[in-house]
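J.: My questions all concern the structure below.
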Amino acid sequence: MKKTIGYLIPEFPGQTHIFFWREIKALKSAGMEIEIISTKLPHSKIISHSWSKEAQEKTTYLFPPTQYFWGMIVELLSCGLRGWFKCFQSILQAQQLSLYERLRLVAFVFIGAELSYLAKKHQWQHIHVHSCANSANIAMFASLLSGITYSLTLHGPLSDYGSNQEQKWKYATFAIIITQKLYDEVKQKLDGNLPKHLAIAPMGVDPVVFQRTISYQPWETQKTCRIFSCGRLNPCKGHADLIEAIAMVNQEGIDIELKIAGEDEQGGEGYHKQLDKLVQELNLEKSVHLLGAVSEEKVRQYLEEAHIFALASWKEPLGVAIMEAMMMEVPIIVTGEGGVKELVDHEVNGLLVSPKSPKVLAEAIKKLLNNPQLSCALSKASRERVIKDFSSEKSAKIITEFLSKN
């Protein structure tokens with residue numbers, strides 16, 4: 001008998017959610033029935049993938065809760081005093097929370113009841129949550145109210161996902177963590193509040209989808225150097241540092257075209273405008289192009305055209321965009337903070353540089369441009385690295401194995 005699980009993703013389908021779509025397909029291939037739930041729709045300008053319309057049609061949204069309001073009320077009444085007691089006991093036991101944060105948790109009890117109602121209605125056996133922020137609180141309360149089990153995937157440092165981490169993890173049946181570095185952090189900070197089963201499984205890339213149609217060719221002198229970067233427009237992604245590095249290289253007479261795929265959470269009304277201003281200040285309007293959110297197909301096209309992929313994140317947990325570039329055999333220049341060193345070996349399958357250092361980044365770009373042999377060597381080694389350890393099916397296999405035990 002196939003297992004049916006609820007698959008909860010905040011603000012789906014967003015610009016960085018291609019990994020989730022890949023994992024969903026891998027889980028279905030493994031015989032699971034997947035029903036997608038999300039908190040709410042993201043801004044329309046960051047819904048960019050060719051599969052986004054299909055994903056929206058297959059997703060049930062928790063906000064606003066008008067569609068399932070009466071189901072939520074019925075669930076709250078049917079859970080009885082015991083369910084209410086468990087929820088409010090957990091809120092009282094939560095550590096280092098302000099009064100406002102505790103009141104927010106009370107509100108999440110109601111959304112947890114909505115999720116619990118949906119779980120019963122659709123006969124889910126489990127809920128998997130791709131977040132350790134408020135979506136995890138919602139799943140936790142659904143579990144306390146109805147007894148449905150849930151699990152987590154951690155995609156970044158715990159500090160990125162707000163408070164009440166001890167409780168979110170304590171009630172989960174298992175958790176997946178994308179890097180060894182994050183795994184060590186979780187073991188240290190949440191010792192005594194962890195689920196019985198933990199596993200490390202990186203976000204992955206489909207090698208069939210991400211492969212070149214023509215072989216990689218390094219940059220040739222006197223021609224335009226094409227550099228591609230991909231990541232949501234947020235200061236932590238280091239796009240400003242990369243733009244400043246491009247200006248430095250340009251000043252030495254090298255013609256560079258930088259394309260940055262990604263958008264801010266405000267659909268272009270936030271950090272995008274600051275980057276536009278920086279481009280104008282540096283007189284790079286003809287050299288730097290902010291593309292906004294683009295589809296997977298466009299990302300693959302830009303990677304195949306690029307001589308270099310660069311991402312100057314201040315602290316990248318791991319980086320699906322980096323994996324995609326490596327799978328497309330594009331030489332990469334990335335910062336070595338976060339979990340990137342678990343993916344990239346310096347001068348073996350990529351170049352690692354210090355974050356917040358435009359000058360160092362500019363020197364790395366010139367190093368590749370002046371050394372076509374190195375560019376080709378990194379190109380050849382990069383795809384092999386990703387295929388070996390970063391398949392998109394790995395995490396789906398772990399979820400399937402854990403659920404088969406319960």
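The values are calculated or read from the model by the stated rules, or taken from the named source; none is laboratory data. If you're wondering where the values come from, they're calculated on a predicted model, not measured in any experiment. Every residue, glycine among them, receives a Cβ derived from its backbone with ideal geometry; neighbour counts consider all protein chains shown.
J.: Among Tyr150, Tyr216, which is the only one that is modelled with pLDDT of 95 or more, hydroxyl-bearing (Ser, Thr, Tyr), part of a loop (DSSP other than H, G, I, E, B) and surrounded by 18 or more Cβ atoms within 10 Å (Cβ to Cβ)?
T.: Tyr216 is the lone residue from the list that is modelled with pLDDT of 95 or more, hydroxyl-bearing (Ser, Thr, Tyr), part of a loop (DSSP other than H, G, I, E, B) and surrounded by 18 or more Cβ atoms within 10 Å (Cβ to Cβ).
J.: While we're here: Going by the structure shown, is Gly267 in contact (Cβ under 8 Å) with a residue 12 or more places away in the chain, part of a loop (DSSP other than H, G, I, E, B) and at positive phi?
T.: yes
J.: Considering only the stretch 349-405, how many residues are basic (Lys, Arg), under 17 Å from Pro331 (Cα atoms) and free of Cβ contacts under 8 Å to residues at least 40 places away in the same chain? Break it down stepwise before answering.
T.: Filtering the stretch 349-405 down to residues basic (Lys, Arg) leaves 356, 359, 366-367, 380, 383, 385, 388, 394, 397, 405.
Of the ones still in play, those that are also under 17 Å from Pro331 (Cα atoms) are 366-367, 380, 383, 385.
In the following step, the residues that additionally are free of Cβ contacts under 8 Å to residues at least 40 places away in the same chain were identified as 367.
Final tally of qualifying residues: 1.
J.: Can you name the number of the only condition in (1) in contact with a Cys (Cβ under 7 Å, 6 or more places away or on another chain); (2) buried (at least 17 other Cβ atoms within 10 Å of the Cβ); (3) in a loop (DSSP other than H, G, I, E, B) that Trp314 fails?
T.: The one condition Trp314 does not meet is (2).
J.: Can we say Ala396 is assigned to a helix (DSSP H, G or I), closer than 28 Å to Leu154 by Cβ and at pLDDT 95 or above?
T.: no
J.: What number of residues in the stretch 53-71 are under 12 Å from Leu115 (Cβ atoms) and either modelled with pLDDT under 95 or surrounded by fewer than 16 Cβ atoms within 10 Å (Cβ to Cβ) (or both)?
T.: Qualifying residue count for the region: 4.
J.: I've got another one for you. Can you confirm whether the stretch 275-292 contains a residue that is part of a loop (DSSP other than H, G, I, E, B), in contact (Cβ under 8 Å) with a residue 24 or more places away in the chain and crowded, with 23+ Cβ neighbours inside 10 Å?
T.: Within the stretch 275-292, none of the residues are part of a loop (DSSP other than H, G, I, E, B), in contact (Cβ under 8 Å) with a residue 24 or more places away in the chain and crowded, with 23+ Cβ neighbours inside 10 Å.
J.: Do the conditions hold for Ser38, that is, is it at pLDDT 95 or above and buried (at least 21 other Cβ atoms within 10 Å of the Cβ)? Steps first, please.
T.: Working: at pLDDT 95 or above: yes; buried (at least 21 other Cβ atoms within 10 Å of the Cβ): yes.
When the stated conditions are applied, Ser38 passes them.
J.: Here's a follow-up. Restricting to the stretch 282-335, give me the number of residues that are on the phi > 0 side of the Ramachandran plot and modelled with pLDDT of 95 or more.
T.: Within the stretch 282-335, residues that are on the phi > 0 side of the Ramachandran plot and modelled with pLDDT of 95 or more number 3.
J.: Please indicate, with yes or no, whether at least one residue in the stretch 328-336 is surrounded by fewer than 21 Cβ atoms within 10 Å (Cβ to Cβ), of a type outside the set (Phe, Trp, Tyr), touching a residue at least 40 places away in the same chain (Cβ under 8 Å) and over 12 Å from Ser229 (Cα atoms). It would help to see each step written out before you state the result.
T.: To start, the set of residues in the stretch 328-336 that are surrounded by fewer than 21 Cβ atoms within 10 Å (Cβ to Cβ) comprises 336.
Then drop every residue that is not of a type outside the set (Phe, Trp, Tyr), which leaves 336.
Remaining after also requiring touching a residue at least 40 places away in the same chain (Cβ under 8 Å): none.
There is no residue in the stretch 328-336 that is surrounded by fewer than 21 Cβ atoms within 10 Å (Cβ to Cβ), of a type outside the set (Phe, Trp, Tyr), touching a residue at least 40 places away in the same chain (Cβ under 8 Å) and over 12 Å from Ser229 (Cα atoms).
J.: Still on this model: List, please: which pairs have Cβ atoms under 8 Å, are six or more places apart or on different chains, and start with a residue in the stretch 163-174 that is basic (Lys, Arg) and end with one that is modelled with pLDDT of 95 or more and buried (at least 22 other Cβ atoms within 10 Å of the Cβ)?
T.: Here the result reads Lys168/Cys132; Lys168/Ala136; Lys168/Asn137; Lys168/Met140; Lys168/Leu152, each pair linking the stretch 163-174 to a residue that is modelled with pLDDT of 95 or more and buried (at least 22 other Cβ atoms within 10 Å of the Cβ).
J.: Looking at Met203 and the list (1) out of contact with any Asp or Glu (no Cβ under 9 Å at 6 or more places or on another chain); (2) aliphatic (A, V, I, L, M); (3) in a loop (DSSP other than H, G, I, E, B), which single condition is not satisfied?
T.: With (1) out of contact with any Asp or Glu (no Cβ under 9 Å at 6 or more places or on another chain); (2) aliphatic (A, V, I, L, M); (3) in a loop (DSSP other than H, G, I, E, B) applied to Met203, the lone miss is (1).
J.: Listed residues Phe12, Phe20, Phe108, Phe88; which is without any contact (Cβ under 8 Å) to a residue 24 or more places away in the chain, in the same structural domain as Ile148 (by TED's automatic domain parsing) and among the aromatic types (Phe, Trp, Tyr)?
T.: Sole residue among the options that is without any contact (Cβ under 8 Å) to a residue 24 or more places away in the chain, in the same structural domain as Ile148 (by TED's automatic domain parsing) and among the aromatic types (Phe, Trp, Tyr): Phe88.
J.: So Ser143 clears everything in (1) part of a helix (DSSP H, G or I); (2) of a type in the set (Ser, Thr, Tyr); (3) at pLDDT below 95 except one condition, right? Which one?
T.: Evaluating Ser143 over (1) part of a helix (DSSP H, G or I); (2) of a type in the set (Ser, Thr, Tyr); (3) at pLDDT below 95 leaves (3) as the failure.
J.: Additional query: What single numbered condition from (1) more than 26 Å from Gly292 (Cβ to Cβ); (2) more than 18 Å from the chain's Cα centre (by Cα); (3) outside any loop (DSSP other than H, G, I, E, B) fails to hold for Asp191?
T.: Among (1) more than 26 Å from Gly292 (Cβ to Cβ); (2) more than 18 Å from the chain's Cα centre (by Cα); (3) outside any loop (DSSP other than H, G, I, E, B), the lone unmet condition for Asp191 is (3).
J.: In the stretch 156-183, what residues are touching a strand residue (DSSP E or B) at 6+ places or on another chain (Cβ under 9 Å) and not in a strand (DSSP E or B)?
T.: Answer for the stretch 156-183, where residues must be touching a strand residue (DSSP E or B) at 6+ places or on another chain (Cβ under 9 Å) and not in a strand (DSSP E or B): Tyr161, Lys168, Trp169, Tyr171, Ala172, Thr173, Ile178, Thr179, Gln180, Leu182, Tyr183.
J.: Oh, and also: Could you please let me know if Leu62 is farther than 25 Å from Ile24 by Cβ and hydrophobic (A, V, I, L, M, F, W, C)? Steps first, answer last, please.
T.: Values: farther than 25 Å from Ile24 by Cβ: no; hydrophobic (A, V, I, L, M, F, W, C): yes.
Spelling it out, it is not the case that Leu62 is farther than 25 Å from Ile24 by Cβ and hydrophobic (A, V, I, L, M, F, W, C).
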